[in-house]
Structure formats: structure tokens, C-alpha cells
Amino acid sequence: MAQRRKRQRKWRKRRTGCAAALIIFVMLSAGAAYGIPWAVDRFGGQVRETFSETVEKAVNTLSTEQADVPELTIPAEETEGDFYYEQLNGSEQIVYRELLQGVREMEDCITIHAGRDEHPEKVYEYLLYDRPELFWCAGSSQMTVYEEYTLFYPEYTCMYEEREQRQSEIDAAVSDCMTGVDSAAGEYEKIRYVYEYLVNTVDYDENAPDNQNIYSALVGKSSVCAGYSRAAQYLLNNMGIECIYVVGTAQGQEAHAWNIVNCGGKYYQMDVTFGDPVFLSSESGENLPGNIIYYDYLCCTDEEIMADHMPTDEIVYPVCESDDLNYYRMNGMFYDSYDPQILLGDMNESIYEGQEMFVCKFSSPEIYQKAHDAVIEELFPKAAQTLGSVYGLEQVKYTYIEDVTHNKIMVFWNYQ
């Protein structure tokens with residue numbers, strides 16, 4: 001579960017020759033994993049909270065106070081291609097770069113070209129979605145809004161000296177991660193490696209410190225969805241692979257974050273958090289094996305992930321429609337039809353090879369329902385006989401898990 005962020009917005013209009021100011025306070029709340037600050041959709045009811053500002057008309061003529069805006073030194077070329085940056089209009093893109101420049105320098109107050117009719121809070125959210133390396137930004141902020149500019153006060157999680165120390169720790173963690181990547185690995189192998197690396201090294205913990213940024217996942221080794229997803233984005237970006245931070249909701253989660261990856265010019269959905277059995281155990285209440293990986297959320301389609309995920313409708317994300325990188329299809333665990341002889345043969349083969357787990361994923365709910373009873377009541381007992389015979393077991397044990405959402409049945413063989 002991701003925490004909600006708070007922002008305080010003040011709007012000021014200065015009267016000519018008068019020190020009095022009209023001030024309006026509006027509290028905005030936005031999720032760290034799902035933080036569209038001007039509208040928040042909640043899973044299940046699609047409840048929309050909208051925030052409006054009401055301003056009294058001043059009798060006297062109002063003038064704008066001139067702002068001392070620092071020179072913008074970040075060129076557009078540095079941010080071009082960033083997914084959320086490209087969703088902004090020209091003036092918002094300038095604000096995006098002004099905010100980026102300010103938080104890099106850890107400025108307490110950033111003067112930006114955004115007046116009362118603009119939404120710098122939206123731009124700031126987009127900046128943090130694009131830039132997982134900004135781990136010292138808490139996401140919360142305060143603003144004083146004038147007619148044509150805004151004083152933006154970001155909140156930081158640490159001081160500059162601690163930021164430098166944490167960056168060194170992150171760099172060391174990334175170097176350690178990269179040692180496991182084959183120099184000849186292609187894009188898919190790198191994506192799968194990062195998915196497996198984070199599942200195997202990070203534990204899901206809602207109480208983990210810094211759980212909205214990469215430090216929690218890469219160094220602290222415990223986080224929530226925001227930490228998992230930003231860590232995946234950070235690692236893959238460092239490998240030269242496009243990885244988008246996606247915001248929305250998921251089953252059992254008020255707010256959730258995951259990723260979309262670009263592999264070979266095609267886009268695929270990816271949710272590292274849901275690939276972690278520690279997370280699934282905490283959500284389902286079931287005692288699931290902790291040493292396995294759920295690959296249903298690795299390079300899957302929109303249709304597959306939307307069985308239990310819902311992206312925000314405020315953003316148009318790339319379409320993910322190809323299932324050519326479906327893990328189960330690529331590894332002989334995907335079945336377009338029910339053939340008991342083929343299934344039993346594959347189960348026995350997994351036992352001969354000493355595999356801990358066998359998975360049969362079916363291409364549709366209809367085929368899953370057709371195979372379900374026979375697999376559990378007939379094929380598993382027959383395969384268990386093979387298990388006892390091959391390994392000389394007097395008593396045979398196995399455990400199976402039914403996953404209706406993904407048309408899948410998993411069985412875990414006990415070789416002792």
C-alpha cells in the first residue's frame with residue numbers, strides 16, 4: 001500500500017501599493033504510487049475527488065509581482081523522450097525542467113513559471129514518475145501561487161550529505177546487481193533478470209522506511225509497490241531499456257504502481273510486486289512457498305494484467321497486446337487445449353528432472369474449467385505415483401494452488 005502525499009497551495013494576488021494579500025488554502029492529497037493530484041480514481045467505485053479553487057474578485061486593479069526566476073540550465077534534449085514529460089504542453093515542460101533543476105540542487109524554494117491557472121503539482125508528480133533517481137524527494141510540497149509564477153517548496157527525505165552517502169550505497173547495490181547480468185544478454189533476458197533479482201532480494205513490507213523510493217528496495221531490501229517499481233525502472237534505465245512507472249489501482253490495493261517495459265520495440269506490462277510471493281501471501285492470507293517467483297506479471301498483455309489491475313484513466317499508456325514473451329508459453333507450460341496424456345507426460349518429466357514445481361497455464365477460462373477437475377483428481381495422483389516410484393518414497397506429498405484469475409494450476413512436489 002502506498003502512502004498519500006500532502007500539498008499545500010496558496011494563491012496570492014498583490015494589490016498595487018498595498019501590502020494586503022488575498023490568500024486561499026487548498027489541501028491536495030496524492031498517492032505516492034498513484035498521485036494524480038487534481039483527480040484521484042479509487043478501485044472498485046471509481047470515486048473521483050476533485051479539487052476546485054474559488055477566488056474572490058478584487059475591486060481594485062491587480063498587478064503581478066515580478067519574480068526572480070533563475071536561469072534554466074537543463075536543456076530540453078535532456079528530458080525529451082521521458083514518458084511523462086512528453087505528456088505535458090510546452091509551458092509545462094519548462095516547469096518540469098525548472099523543478100528538476102531545483103530539486104537536483106536541493107533548493108528549499110524553487111521559483112517556477114506557473115501561475116494560478118496552471119498545475120505545477122501535476123508537473124511535479126510527473127517529474128517523480130519519470131525520475132526514480134530523485135530518491136531524496138519525498139513527494140510532498142507546499143506552494144505559494146501568484147498570478148504568473150509560483151514559489152514551490154519541495155520536501156526532502158534527507159540532507160545533502162546523507163543524500164551523497166545514500167547515493168554511494170545505491171551505486172554499490174547497482175554494481176552488485178549488474179554482476180549477475182550476462183554481457184551477451186538481450187533485452188528480454190535483462191528484463192527477466194531485473195524482475196527475478198528484485199523478487200529474490202526485496203521483501204514486501206508496508207512499514208519499511210523510505211518505501212516510496214529506490215533506496216528502500218536496492219539498499220534496505222524491503223519496500224512496497226512504489227519502491228519495487230521505481231527500482232525496476234532505475235535498473236532497466238541504467239541498462240538502456242525503456243521502463244515506464246505506471247500508476248493506478250490493483251485488487252486489494254487502494255493505490256498501486258507497476259511498470260510498462262519496451263522490449264524489441266513492443267510494450268509489455270510488468271509488476272514486480274505481484275511477482276513476489278511474500279506480497280501475495282500478505283494479501284491473500286495464504287501460506288505460499290516463499291522461494292518461487294510468479295511470472296504471470298512478467299512481460300504480459302493489457303488483457304492479462306487488467307484481470308486485477310486498473311491503470312489511471314488520466315494517462316494514455318502504450319498498448320501492450322503481444323503475448324510472445326509470456327513466460328509460460330516460452331517455457332512449455334502453456335496449454336491451448338486440454339490433452340491429459342500430454343499434461344501427465346509433462347508432469348512426469350518435471351519429476352524426472354527434480355523440479356520443485358510444475359505449472360499448467362491454460363489459454364482461456366473455458367479450457368481451464370474443462371481441465372480443472374481432471375488435473376487435480378486424476379493427473380496429480382498419477383504423477384504422485386511416479387514421484388514415489390522414481391525416488392523410492394514410502395509416502396508421497398505434494399501441494400497444489402489453484403489460480404482462477406490466471407487460468408493456472410501449480411503443484412509443488414515433495415521429494416522427501
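Values in this text are rule-based calculations from the coordinates and carry no lab data. Keep in mind it's a predicted model, so treat the numbers as computed, not measured. Glycine also receives a Cβ, built like all others from the backbone with ideal geometry; neighbour counts cover every protein chain displayed.
Work out the length of the dipole vector of the range 172-329 about its Cα centre, built from +1 on the beta-carbon of each Lys and Arg and -1 on the beta-carbon of each Asp and Glu, and round it to the nearest 20 debye. Don't skip to the answer; put the middle values down first.
Values: 6 positive and 25 negative charges, 105 e Å.
Once rounded to the nearest 20, the dipole reads 500 debye.
Can you put Val396, Val199 in order of Cβ neighbours within 10 angstrom, beginning with the fewest? Before the final figure, lay out the partial values.
Details: Val396 17, Val199 25.
Least crowded to most crowded, the residues run Val396, Val199.
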Cα gyration tensor, the range 172-329 - rounded (a/c under 1.5), prolate or oblate: rounded
Kirkwood-based shape ratio for the range 294-416, expressed as Rg/Rh from alpha carbons: 1.05
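So between Gln395 and Asp324, what do we pick up on full extension, going 0.36 nm a residue minus the alpha carbon distance? Write out the running numbers ahead of the final one.
Numbers: separation 71, 0.36 × 71 = 25.56 nm, distance 4.03 nm.
That pair, Gln395 and Asp324, stretches by 21.5 nm at full extension.
Fewest Cβ neighbours within 10 Å first, please rank Tyr96, Tyr245 accordingly. Before the final figure, lay out each step's value.
Working: Tyr96 26, Tyr245 23.
Listing Tyr96, Tyr245 from fewest to most nearby Cβ atoms yields Tyr245, Tyr96.
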The range 339-353 - phi-based ³J(HN,Hα) in whole Hz, Karplus 6.51/-1.76/1.60, Gly and Pro as x: 10, x, 5, 5, 4, 5, x, 5, 4, 4, 4, 5, 6, 4, 7
Where a label projected 7 Å from the Cα of Gln369 along Cα→Cβ would reach, residues of the range 310-348 with amide N under 17 Å: 337-338
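So for Thr301, Thr73, Thr399, fewest C-beta neighbours within 10 Å to most, what's the order?
Arranged by neighbour count, lowest to highest, Thr301, Thr73, Thr399 become Thr73, Thr399, Thr301.
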From phi via Karplus (6.51, -1.76, 1.60), per-residue ³J(HN,Hα) for the range 386-400 in Hz, x at Gly/Pro: 4, 4, x, 5, 5, 10, x, 8, 6, 10, 9, 10, 8, 10, 10
Separation of the Met159 and Val316 label points, Cα + 7 Å toward Cβ, nm: 4.8
Contact order normalised by residue count of the range 158-275, Cα under 8 Å, 6+ apart, percent: 20
Within the range 67-86: backbone nitrogen closer than 19 Å to the Leu151 label point (7 Å, Cα to C-beta): 67-71
Nonlocal amide H pairs with Gly248, under 5 Å, H built at 1.01 Å: His256, Thr312
Inter-site label distance for Asn238 and Cys109 at 7 Å from Cα along Cβ, in nm: 3.7
For the range 241-257, Karplus couplings with θ = phi - 60° (6.51, -1.76, 1.60), whole Hz, Gly/Pro x: 10, 5, 9, 9, 7, 9, 10, x, 9, 9, 4, x, 10, 5, 9, 8, 10
